[in-house]
Amino acid sequence: MDAATRQNNFGLPWLLLCLALVVHCIDEAFTDFLVYFNATVLALCGHFSWFPRIDMNFRQLVTLFVLINGGLLALTPFAYKNARFLRPVAYAFACITLVNGMAHIVFTILGHTVPSVQFEKTAPGFFSAPLLIAGAIHLLLRLRSTSRPAATN
């Protein structure tokens, strides 16, 4: 792959963000993310009757992480081909991971997700959040620079 081809796609930033998400999922799995997630969901369900009860066990969490990460990594060849169908997915992926990374930092600063769910130390996923933020920004910038110009008549 020559330098021009590398610059005309978003494959590498996509791959790097996928790998950052893998690291983030491992970070969450090993720092009691599930305890805080389930407690937050229960608190929100108790406060808002319309809020869905989506509490999970560890097996469900790991299965979800594997499916999401595997699916995103499977799309990597299309990102290297600058596939048009993947661009909106890439924008959504970058925006969601950017907000996710920022949320972990904000929750650590606040010390809680909801008032009844306090963190003893940092929020789960805090240490890998900067990877998500950097990867998301890198992907957004590459998406912007590789967009096809509109045809003029």
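The values are calculated or read from the model by the stated rules, or taken from the named source; none is laboratory data. Remember, predicted model here, so these are calculated numbers, not experimental data. Cβ sites come from the backbone with ideal geometry, for glycine too, and all protein chains shown count toward neighbours.
Just one of the listed residues (R53, R84) is under 15 Å from L143 (Cα atoms) and not in a helix (DSSP H, G or I), and it is R84.
Among the residues here, T31 qualifies as out of contact with any Ser or Thr (no Cβ under 6 Å at 6 or more places or on another chain), polar (S, T, N, Q) and at negative phi. Of everything in the range 54-76 that is in contact with a Phe, Trp or Tyr (Cβ under 8 Å, 6 or more places away or on another chain) and not aliphatic (A, V, I, L, M), the residue that is surrounded by the most Cβ atoms within 10 Å (Cβ to Cβ) is T76.
Within the range 119-153, the set of residues being modelled with pLDDT of 90 or more and either in contact with a strand residue (DSSP E or B) (Cβ under 7 Å, 6 or more places away or on another chain) or β-branched (V, I, T) (or both) comprises T122, I133, I137. Kindly indicate whether G125 is of a type in the set (G, A, S), within 16 Å of the chain's Cα centre (by Cα) and on the phi > 0 side of the Ramachandran plot. Judged against the criteria, G125 is a match.
Each residue in the range 110-143 was checked for being in contact with a His (Cβ under 8 Å, 6 or more places away or on another chain) and surrounded by 18 or more Cβ atoms within 10 Å (Cβ to Cβ), and 8 of them qualify. Which residue, of A103, A136, A94, A123, is of a type in the set (A, V, I, L, M, F, W, C), within 27 Å of T31 (Cβ to Cβ) and not in a helix (DSSP H, G or I)? Step by step, each of A103, A136, A94, A123 is checked, and only A123 is of a type in the set (A, V, I, L, M, F, W, C), within 27 Å of T31 (Cβ to Cβ) and not in a helix (DSSP H, G or I). Residues in the range 8-23 that are farther than 12 Å from S128 by Cα and out of contact with any Leu (no Cβ under 7 Å at 6 or more places or on another chain) were compared, and the one that is surrounded by the most Cβ atoms within 10 Å (Cβ to Cβ) is G11.
Mind checking which residues of the range 24-53 are farther than 17 Å from S128 by Cβ, exposed (fewer than 11 other Cβ atoms within 10 Å of the Cβ) and either of a type in the set (S, T, N, Q) or at pLDDT 90 or above (or both)? Listed by number, the list holds a single entry, S49.
The residues on offer are A90, A83, A94, A79, and the sole one that is surrounded by 15 or more Cβ atoms within 10 Å (Cβ to Cβ), closer than 15 Å to L15 by Cβ and free of Cβ contacts under 8 Å to residues at least 24 places away in the same chain is A83.
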